1. Within region 324-376, how many residues turn out to be part of a loop (DSSP other than H, G, I, E, B) and charged (D, E, K, R)?
2. Please enumerate the residues belonging to region 331-388 that are aliphatic (A, V, I, L, M), more than 30 Å from Leu158 (Cβ to Cβ) and out of contact with any Ser or Thr (no Cβ under 9 Å at 6 or more places or on another chain).
3. Within region 95-109, which residues are surrounded by fewer than 24 Cβ atoms within 10 Å (Cβ to Cβ) and closer than 25 Å to Leu229 by Cβ?
4. Among the residues in region 315-333, are any of a type in the set (Ser, Thr, Tyr) and without any contact (Cβ under 8 Å) to a residue 60 or more places away in the chain?
5. Being at pLDDT below 90 and either of a type in the set (Lys, Arg) or surrounded by 16 or more Cβ atoms within 10 Å (Cβ to Cβ) (or both) narrows it down to one of Ile454, Ile461, Ile439, so name that one.
6. Among Phe327, Phe357, Phe308, which is the only one that is farther than 23 Å from Asn117 by Cβ and either crowded, with 24+ Cβ neighbours inside 10 Å or in contact with a strand residue (DSSP E or B) (Cβ under 6 Å, 6 or more places away or on another chain) (or both)?
7. Quick check: anything in region 230-240 more than 30 Å from Gly57 (Cβ to Cβ), of a type outside the set (Phe, Trp, Tyr), assigned to a loop (DSSP other than H, G, I, E, B) and out of contact with any helix residue (DSSP H, G or I) (no Cβ under 6 Å at 6 or more places or on another chain)?
8. Out of region 408-423, which residues are surrounded by 15 or more Cβ atoms within 10 Å (Cβ to Cβ), out of contact with any Phe, Trp or Tyr (no Cβ under 8 Å at 6 or more places or on another chain) and closer than 25 Å to Lys386 by Cα?
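The values are calculated or read from the model by the stated rules, or taken from the named source; none is laboratory data. Small disclaimer: the values here were computed from a predicted structure and weren't measured. Because the Cβ atoms are built from the backbone with ideal geometry, glycine has one as well, and the counts that use them run over all protein chains shown.
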Amino acid sequence: MVLIKSVSGIRGTIFRKGEENLTPFNVLKFVSIFGVYLKNKKSHPTVVLGRDGRVSGTHISKVISLRLSEMGINVINIGLTTTPTVGFYVSKKNATGGIMISASHNSIEWNALKFFNDKGEFLTKKESNYIISYDIKSEKSNFLEEKKGKVILDNSALDFHISSILKLEEVLVQKIKNKNITVVVDGINSSGGIAVPKLLEKLGVSVIKLNCEPNGLFDHNPEPVPTNLQKVSSFVKSKKADFGIAVDPDVDRLVFICEDGSFFGEEYTIIALGDYVLSKIKGSTVSNLSSSNGLRDITKKYDLEHFFSAVGESNVIDIMKKNNAVFGGEGSGGVIFPKLHYGRDALVGIALFLSYFSERGVSCKNIKNSLPNYFILKDKILLPEKFNFDSFKDSIISFLSKTEEVQFILLDGLRINYNCGSWIHVRISNTEPIIRCIIESKTKEKLEELKGFINSYLKKIF
C-alpha cells in the first residue's frame, strides 16, 4: 500500500484497504484541499478535468466532479485525454486550475491526481507543499456552497491541442505529407491510442496501430523503456515502417524505435529534438540532472548555453523560464517546447520529430548515429525502511573526496560528475517508493566500472 505526495502530484495504489494508498477518502481529501486553494485565488473557480484510459479513471472523475461542484467550483470535463492537453486547455479556457487523473508510467494498480495552476502548468514545489501540508481538519468553511458549480462536458480539447501544434512554423506539415511516412504506434491501450493516430492522420502519416484501444488494459508494463517495448519493436521491423512511436498512458513521454527494430533511446528524444529546434530558434536549453549530457553537447554545438535542473517537470520549467530557454525536457522522453506551452508533450514532440525526419531525408537509425554517443544505465532500488538518504549521500561524498577528482551537485539527491565526462545520479523517486540510480559514460567499460562501485557501496549500506 503506497501513497506518494510530491511535486509530481498525489500518486498511489488503488482498490486496497488502508490509509496509505489512493483511497476514495484520499481522493476527496486532496481534491478538497486543491479546491480551497483555488477558492483563495478566485471566488468562483473553474477547473479543467481529464483522465487517461485507466479502468479506475472514470469512477475517480465522477467523484472529483461531484466534490468540486459541491464546493461551488465549475468543472470543464474533457474526458479521455492527455496530460499536456489538460494543461494546454487550462490556458485556452482561462481556467483557475486543472486536474489530470493519471499515474503516468506506473503500472495498472496505480492512479494519481496531477494538479495544474492557472497557467496550465504543474504546481510549483511551493504550491505542491501547500496541498501536501494543508491541515484539512482546521478548515471550517469553503467546502460546501449553496450555489453548486456547473459540470460541463467538452469534447473539443484534444482537437484544439492538435490544431495548435499544426500551426507552429517549426512543424513542416507539407514536407511531412510529401514524405509518405509510415509509423507503428503503441498506444498502451490508453489515451495515446486515440491522440497519436489523430495527430498523425492530420499530418498525412500512415499509421499501423498496436494497443490503441483505450480500455486501460495495458498490454505491457507502461513505462516506455526497451524491456517493455519488444512487441512494437518487432512490428516496426516486420511491417517495414519508417519508425515506431511509443508513449506512456497519459502521453507526456515519447520514445522512438528505429526502422530495424532497434531502440532510438528515450534519452535521444530530447537530444534529437534539441538539434532540430536549435537549428530553427537560437536560445538556451534545459534538462534535468538525470538526463544525458547529449542535449548539453548539442547546445554547445550551436554555441548556446545549457542548464541542468532538479528532476520534475515543474523544476525543469522553472529553470527554463529563468533562462528564457527555447527548448527543454527530461531524458525519460519528456519534450517541453515553450513556443506551444510549458509542459511535457509527446504530441508536439512527434510533430517536431516528423519535421526533423522529413527535413534530414535520412533514416531514423542514421539520425541516431549522427547524435552524441553515450552509454546510459538506469536502475531502480527498492527503498528500504528507515533508510536515511542524507547519511548515505554524506558517506559517498566523504569516500570519493579522498579517492577521486569529482564534482558533487546536491540540487536533487546526489550527482557525481567525473573529469572524464561520466556521471552518477542517485536520488529518491518522486513517483515510486524506490531509489533511482542513473549512470552515463562515453564507454561501456567505464559504465561497468561505475556500476560496480555504486552497487558495492549500496550493499554496504543495505
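1. Total satisfying the criteria: 2.
2. Across region 331-388, the qualifying residues are Leu371, Ile381, Leu382.
3. Hits for region 95-109 are His105, Asn106, Ser107, Ile108, Glu109.
4. No: zero hits.
5. So the residue among Ile454, Ile461, Ile439 that is at pLDDT below 90 and either of a type in the set (Lys, Arg) or surrounded by 16 or more Cβ atoms within 10 Å (Cβ to Cβ) (or both) is Ile454.
6. Just a single option satisfies the conditions, and that option is Phe357.
7. Yes: one or more hits.
8. Within region 408-423, Asp412 is the sole residue that qualifies.
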